[in-house]
1. What is the Cα centroid distance between segment 12-52 and segment 231-254, reported in whole angstrom?
2. Taking amide H atoms as placed 1.01 Å from N in the peptide plane, list the residues 5 or more away in sequence, or in a different chain, whose amide H sits under 5 Å from that of V72.
3. Just flag the trypsin sites (Lys or Arg not before Pro) in segment 186-238 sitting in loop per DSSP whose Cβ has no more than 16 other Cβ atoms within 10 Å.
4. Please state the relative contact order of segment 92-220 as a whole percent: Cα pairs under 8 Å, 6+ residues apart?
5. Would you mind calculating the relative contact order of the chain from Cα pairs under 8 angstrom and at least 6 residues apart, reporting the percent as a whole number?
6. Can you give me the C-alpha center-to-center distance between segment 258-297 and segment 181-217, rounded to a whole angstrom?
7. Taking only C-alpha pairs under 8 Å that are 6+ residues apart, what is the relative contact order of segment 240-304 in percent?
8. Counting only helical runs of four or more DSSP H residues, what would the 222 nm mean residue ellipticity of the chain come to if each run contributes -39,500 (n - 2.57) and the total is spread over all its residues?
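Every read-out reported here was derived from the displayed coordinates using simple, explicitly stated rules and does not represent laboratory data. Since this is a predicted model, take the numbers as computed values, not measurements. A quick note on method: Cβ atoms are made from the backbone with ideal geometry, for glycine too, and the neighbour counts reach across all protein chains shown.
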Amino acid sequence: MAARNEIKEVLGDIFAGKILYDEPMSLHTSLAVGGSADAVVFIENEDQLAQVTGRLREKEIDFYIAGNLTNVIVRDGGYRGAVLLMTGMKEVGCEYTPQDGYVMSALAGAALAKIVSRSVAEELTGLEFCAGIPGSVGGAVWMNAGAYGKEMKDVVKAVSILNTDGEKKTMNREEISFGYRRTSFPVGTIILGAKFKLEKGERSGIKERINDILQSRQAKHPLEFPSAGSVFKNMPGQAAGKLIEDMGLKGMKAGGAQISSKHANFIVNRGNAAAADILGLVELIQIKAKKERGVNLETEVVIIGED
Ligand SMILES: Cc1cc2nc3c(=O)[nH]c(=O)nc-3n(C[C@H](O)[C@H](O)[C@H](O)COP(=O)(O)OP(=O)(O)OC[C@H]3O[C@@H](n4cnc5c(N)ncnc54)[C@H](O)[C@@H]3O)c2cc1C
């Protein structure tokens, strides 16, 4: 039985929400590349998530948890199984208690832009560094996203998760190990939401820092083309973009993909790029970095799916 029919049968009687079958992932990834997933399931709440993942696990159907898909490259052969999009779980709230101070809570699918604008509205400081990162809370926590000297680890107070046994748990900041664009959550953990510890600030100052960051991003990043942000992790003391530039690869094209002529650690889709074009450039950079500089360039972007 074709996978789409199997998923239809398995989820049909328990899930009343939106599912798209044989859905091109190029319509959902920020890079605008990627073949079709057997199904894309739009998750709107925790109960749905628990039911859907429980049933898919029971039937041994693969699934992939996604936020805004701004850090993922899906190969041209697409994804066999179901991509569960978390962006429907997006509530954000704030509270103050004498023992915890100012805490913002956000469900995993909430856009970082939403928590940033909420922090302005509440006059809370701490989340300015997220301005301009196009991801969701779940994706940002999972990746320990960061910019301008700060990372999620600096503001996360607690993370609620669904573990692989389908149990809901809350993990405090101290129980999670955060590294450079990585976290220690066991494979298969689903982030349901996070709490952020913020400080009271002044609206004008918060706004100014956000505007400075947005302007700096506008100046440095090729925001006019689809991308997945920085493709490679920086090395200690060495920026990946500078290395790529020094190797003379800035501006190089493959099909519809290009190593950005504005920022060499971005690979952009100049129109009709295939994932293979992007991945061809990724490989070329890695081979050259190894051969000419003895450097193993590790991708920051996550690559999934079939060739
Ligand atoms: C123009 C541009 C600029 C960017 N700038 C930055 C930057 O400055 N700093 C930075 O760190 N990143 C940056 N990024 C990359 C990206 O936006 C971030 O990594 C972001 O946090 C990813 O969030 P997402 O919701 O898009 O995650 P996705 O791309 O959907 O997923 C990323 C990873 O997280 C996992 N994941 C997502 N949601 C969950 C969940 N609820 N539970 C468990 N796992 C989950 C996915 O399985 C995947 O492994 C940029 C991207 C673009 C396009």
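1. 34
2. Correct list: S30, V302.
3. Listed in order of number, the matching sites are K233.
4. Relative contact order for segment 92-220 comes out at 32 percent.
5. 18
6. 28
7. Worked out over segment 240-304, it gives 26 percent.
8. Numbers: 7 runs with 84 residues, N = 307.
Helix-only estimate at 222 nm: -8500 deg cm²/dmol.
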